[in-house]
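**Q** Have a look at this one.
Every number in this text was worked out from the coordinates using simple rules, so none of it is lab data. Treat the numbers as computed from the prediction; the structure is a model and nothing was measured. Quick reminder, even Gly has a Cβ in these numbers, built from the backbone with ideal geometry, and neighbours come from all protein chains shown.
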Amino acid sequence: MTAPTAVLPAPRLLTDQPYGPLPDVRDLVEQVEAAGLTGRGGAGFPVARKLRAVRDGGRGVVVGNGAEGEPASGKDRALLAHAPHLVLDGLRLAAAAVGARRSVLYVSAATPALRTAAAERGVEVAIAPAAFLSGEESAVVSRLNGGRALPRSRPPAVYVKGVDGRPTLVQNVETLAHLALIARYGAGWFRERGTAAEPGTMLCTVSGAVRVPGVLEAPLGTPLRDVLEAAGGPAGPLRAVLVGGYHGVWVTAREAEQLTLSAADLGRVGGSPGAGVVIALGAEACPLEVSAGIVAHLARQSARQCGPCLSGLPALAEVLAVAAGRRWDPSVPARIEQLAALVAGRGACHHPDGTARLVRSVLATFPDELEAHAAGRCLAAS
Amino acid sequence: MSDRVAVDWTACRGRGVCSELLPERITLDEWGYPLVDRAPVPVGAERHAARAVGACPTRALRLTPHPP
């Protein structure tokens with residue numbers, strides 16, 4: 001991928017300007033709350049609420065999560081390469097705010113420079129296994145407790161009992177970077193970009209049928225077409241866009257013209273900005289084939305701890321492969337919906353829920369393609 | 001005070017004892033895993049619910065306040 005670019009004339013996380021000294025912050029939680037910062041790891045949870053919960057538990061542990069197990073996401077890697085000190089600042093600020101005695105940076109890979117910078121700040125570095133679920137909040141805790149990087153059942157929540165049995169704050173590395181800038185420039189500054197309901201900027205990873213795939217920074221509320229333009233624009237006529245990564249939703253190219261990068265818009269089509277993963281699908285690609293490949297990956301990446309996921313995701317992968325391969329069976333659409341309903345909400349983590357969301361968006365967005373495949377054809381231009 | 005049944009999915013092995021003891025709230029899916037109605041345990045079935053929780057071979061069931 002190319003070096004990070006920006007939709008903004010004055011990027012925040014991806015700026016080349018120095019950030020200035022880190023101030024002594026007494027009321028960080030209040031500032032973060034006033035800023036309206038939400039998590040940038042995909043779930044979008046209000047950061048101030050998490051900070052308070054861990055602070056109330058006392059003597060906690062803070063973890064910067066840069067595992068980034070989503071294959072189509074590169075923003076955390078890019079951020080850690082471009083501005084590691086900003087992430088480490090955020091981790092230190094969060095640790096001070098919650099009264100934590102232990103700070104860990106959990107990453108997919110660590111350069112010597114990152115290890116040195118972390119060591120200078122008393123931050124441990126832990127390496128996340130290369131798997132889709134390695135960055136799931138309870139999987140992070142499990143790994144740091146010496147186990148496998150697989151999700152754990154809740155209760156108790158990690159902010160009650162996590163690493164070393166202590167209240168644990170797990171925040172995506174991008175979230176920590178935003179936190180470090182809020183500490184410097186204030187909540188009002190943070191709210192100068194984005195929307196009133198969804199303030200600030202976010203990093204996006206744009207890939208697929210665009211001319212310049214890569215990581216960019218955009219305010220919440222940016223039209224998706226502008227996000228695609230910032231990645232060099234479509235490489236050809238587009239069929240659809242996958243927004244939110246492998247647990248996201250498909251929208252048609254026409255729908256993408258009308259949508260913005262926001263929970264408000266994407267929520268209406270069953271999705272969310274997630275961790276900013278945007279994949280453009282060209283007209284020459286078959287969305288059923290691409291989706292079958294994604295679901296096969298998701299099935300392989302199951303933690304295999306929970307029955308419905310262990311059984312249901314491979315079944316979904318199989319039926320998607322049938323649909324994509326044009327070995328048509330009239331029960332395919334109904335079976336996809338049936339399996340989605342059987343796996344959603346029936347696991348220790350949201351892996352089956354995200355998979356169900358993706359396959360349901362296939363049904364909602366590509367009825368024409370399903371119909372073509374039923375007749376032994378494919379709409380993808382050759 | 002009303003409770004509903006909740007499943008620890010990492011512990012459940014699909015043995016199905018729960019669906020026999022509390023059919024009012026638990027049926028089984030095509031793979032043998034419990035489909036749990038999130039409504040509170042019906043009045044009068046509290047002992048059945050407690051028995052189902054206690055009888056689970058893998059301790060995968062618990063009662064939790066409704067709503068969560």
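**Q** To check my understanding: the extent here is largest minus smallest coordinate of the Cα atoms along each principal axis. What are those three numbers for chain A, in Å, largest first?
**A** Answer, in whole Å and largest first: 66, 46, 37 Å.
**Q** Out of A:A324, A:A197, A:A118, any idea which swings most in a Gaussian network model of chain A, alpha carbons joined below 10 Å?
**A** So, out of A:A324, A:A197, A:A118, the one fluctuating most is A:A197.
**Q** Label A:R26 and A:R300 with points 7 Å out from Cα along Cα→Cβ: what is the distance between them in nm?
**A** Between A:R26 and A:R300, the simple spin-label model gives 5.5 nm.
**Q** Helix B:46-55 sits at what angle to the longest principal axis of chain B, using alpha carbons and giving 0 to 90 degrees rounded to 10?
**A** Relative to chain B, helix B:46-55 is tipped by roughly 30 degrees.
**Q** Defining a contact as two alpha carbons under 8 Å apart and six or more residues distant in sequence, what relative contact order in percent does region A:17-130 show?
**A** About 26 percent, as a whole number.
**Q** Ok, one more. 222 nm [θ] for chain A, helices only, -39500 (n - 2.57) per DSSP H run of 4+, per residue, to 500? Please report the intermediate quantities before stating the final value.
**A** Numbers: 16 runs with 162 residues, N = 382.
Per the formula, -12500 deg cm²/dmol.
**Q** Here's something else I'd like to know. Based on Cα coordinates alone, diagonalise the gyration tensor for chain B, multiply each eigenvalue by 5, take square roots, and list the semi-axes in whole Å, largest first. Can you show the working numbers first?
**A** Details: eigenvalues 63, 28, 25 Å².
In descending order, the three semi-axes are 18, 12, 11 Å.
**Q** Antiparallel versus total DSSP beta bridges in chain A: what percent is that, nearest 5?
**A** Here the share of antiparallel DSSP bridges comes out near 45 percent.
**Q** For B:R59 and A:D368, FRET efficiency with R0 = 35 Å and r from the beta-carbon atoms, rounded to 0.05? Show your work: numbers first, answer last.
**A** Numbers: r = 49 Å, r/R0 = 1.39.
For R0 = 35 Å, the calculated efficiency reads 0.10.
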